[in-house]
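Heads up: the structure comes next, in structure tokens.
The values are calculated or read from the model by the stated rules, or taken from the named source; none is laboratory data. In this text the structure is predicted, and so the values were computed from the model without any measurement. As a convention, Cβ positions derive from the backbone with ideal geometry for all residues, glycine included, and neighbour counts pool all protein chains shown.
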Amino acid sequence: MAAAPSPATLPEPNPAPEPNPTMATALLAWAGAQARELPWRATRDPWAVLVSEMMLQQTQVVRVIPRYHAFLDRFPDPRTCAAATPAEVLGLWSGLGYNRRALNLHTAARTVTERHGGRLPDDLDSLMALPGVGPYTARAVLAFAYERPVGVVDTNAARVLARAVAGRSLGRAEVQRLADASVPAGQGWAYNQAVLDLGATVCRVRRPDCDGCPVRHLCAWSITGFAAADPALGTAGASGRQSRFAGSDREGRGRVVAALLAGALSAGDIAGAAGWPDDPARAERVVSGLVADGLAVLDDAGGLRLP
Ligand code: SF4
């Protein structure tokens with residue numbers, strides 16, 4: 001057996017990354033001058049923020065905006081959503097994809113109505129107990145509705161923190177600790193929006209616009225002359241690329257749900273509705289997934305309907 005290395009030969013652990021208050025100030029000034037106007041930024045209503053965040057998970061902003069307005073017109077609060085049928089909620093979700101999110105939102109609305117008096121809770125544990133609400137979405141509600149000083153970490157924020165603040169790749173717990181510690185007092189809403197904007201529009205995954213970056217002079221990676229590999233590589237949560245949609249099972253799932261919104265399907269119509277009339281085994285696999293996710297119900301004759 002190899003001898004254990006002596007303490008003198010053990011590699012030094014990476015020091016914990018420190019927040020950069022000067023960069024936070026620069027980011028706030030930049031965001032204040034050019035912030036993107038988005039409808040969910042004009043509200044602090046926790047339900048509206050949750051709806052926007054659930055829709056924005058894996059769906060582009062331009063596709064979300066009209067659905068966000070339509071959804072809130074019909075369901076302005078958790079109670080109205082909780083009183084609707086799953087089919088109606090799915091109908092308003094149509095076109096956004098990942099329909100499981102709609103059912104999660106519907107169940108969350110019921111939970112909020114039954115256990116929290118119809119108002120979204122304002123603590124992390126209660127928010128994360130809601131279906132479909134993970135660490136990102138829970139903190140987004142806390143920061144963007146309740147203006148709490150928590151770090152909201154999605155792929156954009158993780159990338160910015162790794163490149164600009166730490167200058168090295170970060171583990172999951174490190175990213176969150178650094179994000180939380182970086183929020184200036186009283187700026188939970190504005191600071192998180194600024195970080196997300198920088199990641200979405202300047203510090204992009206590929207070809208970041210370092211020449212036009214408002215914090216280039218402070219960016220830890222830039223200061224080294226970009227000598228090391230991209231710190232975003234290997235950073236937890238910093239690579240969130242979606243698999244191809246066209247030709248995927250997700251596309252078939254979407255087609256079946258769209259067909260179900262128009263009415264129940266007989267067993268013989270399912271493969272065609274999925275887009276694979278010559279591949280019933282694949283359609284069957286997709287239907288099994290929809291049923292397991294609670295998005296569809298099989299009848300005794302093998303037909304399919306919405307729950
Ligand atoms: S200088 Fe480049 S890498 Fe650094 S934060 Fe700005 S865009 Fe990102």
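Right, ALA158: crowded, with 23+ Cβ neighbours inside 10 Å and under 27 Å from TRP40 (Cα atoms) or not? Even if it seems obvious, please write down each step before you answer.
Numbers: crowded, with 23+ Cβ neighbours inside 10 Å: yes; under 27 Å from TRP40 (Cα atoms): yes.
Spelling it out, ALA158 is indeed crowded, with 23+ Cβ neighbours inside 10 Å and under 27 Å from TRP40 (Cα atoms).
Being acidic (Asp, Glu) and in a loop (DSSP other than H, G, I, E, B), is that true of even one residue in the stretch 250-268? Steps first, answer last, please.
The first filter runs over the stretch 250-268 and keeps only residues acidic (Asp, Glu), leaving 251.
Narrowing further to those that are in a loop (DSSP other than H, G, I, E, B): none.
No - not one qualifying residue is present in the stretch 250-268.
In the stretch 67-113, what residues are in a loop (DSSP other than H, G, I, E, B) and hydroxyl-bearing (Ser, Thr, Tyr)? Talk me through it step by step, then tell me what you get.
Initially, the stretch 67-113 is screened for residues in a loop (DSSP other than H, G, I, E, B), giving 75-77, 84-85, 94-99.
Across the stretch 67-113, the qualifying residues are THR85, SER94, TYR98.
Pick from the stretch 146-194 the residues that are in contact (Cβ under 8 Å) with a residue 60 or more places away in the chain and under 15 Å from the mean Cα position of the chain (by Cα): which of them is farthest from ALA238 (Cα to Cα)?
So the residue we want is GLN193.
Is there any pair linking a residue in the stretch 281-307 that is loosely packed, with under 13 Cβ neighbours inside 10 Å to one that is assigned to a loop (DSSP other than H, G, I, E, B), with Cβ under 9 Å and at least six apart or on different chains, and which?
Partner pairs satisfying both residue conditions: ASP299/ALA264; ALA301/SER266.
Every residue, every condition in (1) of a type in the set (D, E, K, R); (2) modelled with pLDDT of 90 or more; (3) over 30 Å from ALA31 (Cβ atoms); (4) away from the ligand (no atom under 16 Å from the Cβ), yes or no:
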{"residue": "CYS210", "(1), (2), (3), (4)": "no, yes, no, no"}
{"residue": "GLY234", "(1), (2), (3), (4)": "no, no, no, no"}
{"residue": "GLY237", "(1), (2), (3), (4)": "no, no, no, yes"}
{"residue": "ARG250", "(1), (2), (3), (4)": "yes, no, yes, yes"}
{"residue": "GLY263", "(1), (2), (3), (4)": "no, no, yes, yes"}
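Considering only the stretch 114-124, I want to know if a residue exists there that is touching a His at 6+ places or on another chain (Cβ under 9 Å) and either closer than 27 Å to ASP73 by Cα or surrounded by fewer than 18 Cβ atoms within 10 Å (Cβ to Cβ) (or both).
The initial filter retains those residues of the stretch 114-124 that are touching a His at 6+ places or on another chain (Cβ under 9 Å), namely none.
Looking through the stretch 114-124, none of the residues is touching a His at 6+ places or on another chain (Cβ under 9 Å) and either closer than 27 Å to ASP73 by Cα or surrounded by fewer than 18 Cβ atoms within 10 Å (Cβ to Cβ) (or both).
Select from the stretch 31-65 the residues that are modelled with pLDDT under 95 and either more than 20 Å from ALA145 (Cα to Cα) or not in a helix (DSSP H, G or I) (or both) and list them in ascending order.
Result: ALA33, GLN34, ALA35, ARG36, GLU37, LEU38, GLN57, GLN58, THR59, GLN60, VAL62, ARG63.
Counting only residues that are farther than 14 Å from ALA24 by Cα, touching a helix residue (DSSP H, G or I) at 6+ places or on another chain (Cβ under 6 Å) and assigned to a loop (DSSP other than H, G, I, E, B), which one in the stretch 170-203 is nearest to the ligand (Cβ to nearest atom)?
CYS203
Exactly one of these conditions fails for ASP122: (1) assigned to a loop (DSSP other than H, G, I, E, B); (2) outside the structural domain of ALA84 (by TED's automatic domain parsing); (3) at pLDDT 95 or above. Give me its number.
Only one criterion is unmet by ASP122, namely (2).
Which pairs turn up if I take residues in the stretch 129-145 that are more than 16 Å from THR107 (Cα to Cα) and part of a helix (DSSP H, G or I) and look for partners that are at pLDDT 95 or above and among the hydroxyl-bearing types (Ser, Thr, Tyr) with beta carbon separation below 9 Å, at least 6 apart in sequence or on another chain?
Listed pairs, sorted by first residue: ALA140/SER52; ALA143/TYR191; PHE144/THR43; PHE144/SER52.
Only one of (1) within 16 Å of the ligand (Cβ to nearest atom); (2) in a helix (DSSP H, G or I); (3) farther than 21 Å from GLN58 by Cβ fails for PRO214. Which number is that?
Of (1) within 16 Å of the ligand (Cβ to nearest atom); (2) in a helix (DSSP H, G or I); (3) farther than 21 Å from GLN58 by Cβ, only one is false for PRO214: (2).
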